[in-house]
Amino acid sequence: MMFLRYALYRFATMLLTLLAVSVLIFVIINLPPGDFLSNQIAELHATGQAEGVAKAEFLRSEYALDRPLWEQYLIWVGFAPGPQGFSGLIQGDFGWSFEFDRPVGEIVGDALWLTVLINLAAVLFVYAVALPLGVFAAAKAETWADYTAGFVGYLGLATPNFLLALILFYYGHKYLDLPIGGLMDPAFEGAPMSWPKVKSILLHMIVPTFVIGTSGAAAMMQRLRANMLDELSKPYVETAKAKGMGPARLLAKYPLRMAFNPFVADIGNLLPAMVSGSVLVSVVLGLQTIGPFLLTALKSQDQFLAGFVLMFVALLTLIGTMVSDMLLVLLDPRIRYGGRAK
């Protein structure tokens, strides 16, 4: 019962935080002077294209861009009626992309689930690599195994993702016959889901998963190693050794459990960091994720498209933080609910 109350409390705070983030995103997007339509109108005036100016002015009125900023925000979120009535984010209307001349929902539809899929795969890769290597490096501290794991970790941190993408792009195709670019064969784009399409997606995900997850795995391995070494130096470890507990059981039962808290807490930052950090990788590898759309929207000041993508990343951040908080409560009995002991 207490855990359910805590989960509801965290969900409510997540919604309030998302509301505050939406205000910040909208304000920041509108900080640069002008917008897509204003720039287009100025260009059309300069070239004397009166018909184009009339269309752009109509779009400004149609999407409430001629109203005060506070009113534009309320209409964008869906708290106030616009020219089409209540039609904002909370009603499922993500706006219109002036750059692509299509609804934002149509543009990012497939890109959203592909973004989540590739980044979830990268998160699983991070944990699958960092957990055993971090524990192994701590257990074999100051040996060749520890130094080798550390070297691999620092190499992963130092290598830019886009450079690693280019290297694997070439050698993966040359020696392993891995597909080049995209997240599926062009023949499956827009086709209904089928087993051949799933196999194509899984095969195309090998290189992006490795590239996106490498730096995160290296950083997390180093943090886990440091936490494990700190726990292994504490008196309770010596006491357990004196009582005859085996090394493997001792490592798993006490130090690993204590060192695992920051490991779980990283869930909240890992997924959104990968989404935002994989923009260049998506461009280099030609991935059909939201990264290239965000880059294009920011360059062209396409505010509805950019705003939705940033809100999506913010939502991932808050969901990841909420999940990590609840996992920490289940993992560690010392964690308190809302400042009171369980």
Q: Residues being open to solvent by less than 20 Å² (accessible area, probe 1.4 Å), closer than 22 Å to residue 166 by Cβ and in contact with a Gly (Cβ under 6 Å, 6 or more places away or on another chain): count how many of those fall in segment 208-248.
A: 1
(Q) Against the condition in a helix (DSSP H, G or I), surrounded by 13 or more Cβ atoms within 10 Å (Cβ to Cβ) and not basic (Lys, Arg), how does residue 182 come out, does it pass? (A) no
Q. Residue 327 is checked against (1) in contact with a Lys or Arg (Cβ under 9 Å, 6 or more places away or on another chain); (2) modelled with pLDDT of 75 or more and fails just one. What number does that condition carry?
A. (1)
Q | Answer from 158, 145, 111, 187 - the residue that is modelled with pLDDT under 85 and closer than 28 Å to residue 73 by Cβ | A | 111
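With respect to residue 196, is the statement that it is farther than 25 Å from residue 127 by Cα, over 21 Å from the mean Cα position of the chain (by Cα) and open to solvent by 10 Å² or more (accessible area, probe 1.4 Å) true?
yes
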Q: Working only within segment 149-179, note down all residues that are open to solvent by less than 70 Å² (accessible area, probe 1.4 Å) and more than 23 Å from residue 283 (Cα to Cα).
A: 149, 150, 153
(Q) Any residue in segment 215-237 that is among the basic types (Lys, Arg) sitting within a Cβ distance under 6 Å of a residue that is modelled with pLDDT of 80 or more? List the pairs, counting only those 6 or more apart or interchain. (A) 225/134; 225/137; 225/138
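Okay, residues lined up against (1) surrounded by fewer than 21 Cβ atoms within 10 Å (Cβ to Cβ); (2) within 18 Å of the chain's Cα centre (by Cα); (3) over 16 Å from residue 288 (Cα atoms); (4) of a type in the set (Asp, Glu):
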{"position": "121", "(1), (2), (3), (4)": "yes, yes, no, no"}
{"position": "124", "(1), (2), (3), (4)": "yes, yes, yes, no"}
{"position": "131", "(1), (2), (3), (4)": "yes, no, yes, no"}
{"position": "136", "(1), (2), (3), (4)": "yes, no, yes, no"}
Q. Would you call residue 80 in contact with an Asp or Glu (Cβ under 9 Å, 6 or more places away or on another chain), surrounded by 18 or more Cβ atoms within 10 Å (Cβ to Cβ) and modelled with pLDDT of 80 or more?
A. no
Q. Can you tell which of 146, 66, 101, 110 is of a type in the set (Asp, Glu), more than 24 Å from the chain's Cα centre (by Cα) and under 26 Å from residue 270 (Cα atoms)?
A. 146
Q | Those helices (runs of 4 or more DSSP H) lying entirely in segment 252-305 with at least 2 residues modelled with pLDDT of 70 or more and open to solvent by 50 Å² or more (accessible area, probe 1.4 Å) | A | 255-265, 279-285, 290-300
Q) Out of (1) in a loop (DSSP other than H, G, I, E, B); (2) open to solvent by less than 60 Å² (accessible area, probe 1.4 Å), what's the single condition that is false for residue 112? A) (1)
(Q) over 30 Å from residue 252 (Cα atoms) and touching a His at 6+ places or on another chain (Cβ under 6 Å): which single residue out of 178, 183 fits that description? (A) 183
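The values are calculated or read from the model by the stated rules, or taken from the named source; none is laboratory data. Everything numeric in this text was worked out from a predicted model, so none of it was measured. Reconstructed Cβ throughout: ideal geometry from the backbone, glycine too, with neighbour counts over all protein chains shown. Areas reflect the complete protein model, heavy atoms only, side chains present, ligands, DNA and RNA absent. Shrake-Rupley method; radii C 1.70, N 1.55, O 1.52, S 1.80 Å.
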